[in-house]
1. Over the chain, what portion of Cα pair distances is larger than 32 Å, expressed as a whole percent?
2. Please go through the residue pairs 181/258; 134/183; 47/364 and name each one whose alpha carbons sit more than 28 Å apart in this structure.
3. List the Cys residues of the chain that have no partner Cys with a C-beta closer than 4.7 Å.
4. Among residues other than residue 213 whose Cβ falls under 10 Å from its Cβ, what is the net charge (Lys/Arg +1, Asp/Glu -1)?
5. For the chain, set up a GNM with springs between Cα atoms under 10 Å and report which of 269, 157, 47 has the largest fluctuation.
6. Output the relative contact order of the stretch 68-379, whole-number percent, from Cα pairs under 8 angstrom with separation of 6+ residues.
7. Taking H placed 1.01 Å from N in the peptide plane, check which residues at least 5 places from residue 77 or on another chain put their amide H under 5 Å from its amide H.
8. So which residue, out of 310, 133, 191, gets the largest mean-square fluctuation from a GNM of the chain using Cα contacts under 10 Å as springs?
Amino acid sequence: MEEITRDASLLEIVSTFEEGNAFQKITQKIIADQRITEDEALLLFEKASLGLVGLLANYIREKRYGDQTFFNRNFHIEPTNVCVFSCNFCSYSRLYAHREEGWQLSMDQMMDIVRSYDNQPVTEVHIVGGVHPKMDLDFFCDLVSRIRTHRPDLHIKGFTAVELDYMFKKAKLTTEEGLQKFKNAGLQSLPGGGAEIFDPQVRKQICEDKVDAMGWLHIHETAHRLGMHTNATMLYGHLENYTHRIDHMSRLRNLQDKTHGFNTFIPLKFRNKNNEMSAVSETSITEDMKMYAVARIFMDNFAHLKAYWPMLGRQQAQLALSFGVDDIDGTIDDSTKIYSMAGSEEQVPSMTTQELVTLIRQVKRLPVERDTLYHVVRTFPIQEEKSFDLNLN
Ligand code: V47
Ligand code: SF4
């Protein structure tokens, strides 16, 4: 019944367009669960009102999940911010040549972080950092297997394709051999980082020395073949144009058709503080919402669309829940520094479960705690928040 009402309201919209109008065709495709083309995505980016893309994206989101909004309880380990690469947008890393300015955690320090969560109901550890030449494949396999032994119930999601590509080349292993080694040690998923923007011309200007698009996609495809799940990101709002964003999403959509191994797509807004690209202005909130909406419409074979709140900010993350987003990541503590160093409002990005639940309820959505693979851990009832709670900053 609810579905009929939803379809009816979109059909009303359809009737407001002239017969054969491109937006009418896109709307009809969405009602019929059909895929839109790259040209149609470009049209949405360039010509559609924010109201229309929001409505279409929200239709898809609610048809799949209703008001359910997913989050997880996780913590991060950032082993080092020393990095051999020099991505111009990165505010976080310290070049290996200046490594004394950076940090590097020892095995014991990282295991201390894991142990500090011993009595807490976290379901995931997310390991991500710079690319340090001395922290190699064996070192990280050892870390993963120690975590696995210490806490077998914790899902270990770790290492971007950039970190893996470097480690595998150094160890003179193929992607499959390297990933198999990690899998045997206990690694279960890969995060989506390092994808940035696949177009070679733009990539050359923002991160020329790390793994290219083909390499990134190959690592994820191999991981999927080995039965591991992965995420995919896209860094947007810097030097790229809409065509580059569509090309990026299209390559991911094609790979997903082949493997079905991606869990979620995460558009990452470029933040411009303390990096080589500070002269590039940040995108507006309306542009961010349009990005989420078009991603939800175009990436039809991705089950989930995530707004990473430590980067976007809490209020924008709430807004994104009306533009196709169904996931706002986790209750991470203040151990992640990538975004605070790049100028996100979230200088201390930590939120308790209660705060996350409140954040979701404030926009009348249903908070659902999930694990890394989107199994439901707990559903929280929708409950009216008192008005004094509305000032959550
Ligand atoms: O690849 C670095 C981004 C990514 C900046 O898979 C920046 O669940 C904006 O991928 N402005 C790493 N973004 C983080 C990442 C991630 C985060 C949360 C969840 C998941 C997941 C993955 O951070 C990098 C890069 O795209 N980044 N600097 C910046 N100035
Ligand atoms: Fe290194 Fe990653 Fe920063 Fe690039 S984005 S410099 S690979 S830490």
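1. 32 percent
2. Where the Cα-Cα span goes over 28 Å, the pairs concerned are 47/364.
3. Within the chain, the cysteines lacking a partner Cβ under 4.7 Å are 83, 141.
4. Net local charge, residue 213 excluded: -2.
5. So, out of 269, 157, 47, the one fluctuating most is 47.
6. 22 percent
7. Excluding prolines and chain starts, which carry no amide H, the hits are 126, 127, 128.
8. Comparing 310, 133, 191 in a Gaussian network model of the chain, the most mobile one is 133.
Here, each number is a calculation from the coordinates, and none is a lab measurement. The model shown is predicted, which means the values in this text are computed figures rather than measured ones. FYI the Cβ positions are ideal-geometry reconstructions off the backbone, even for glycines, and counts take in every protein chain you see.
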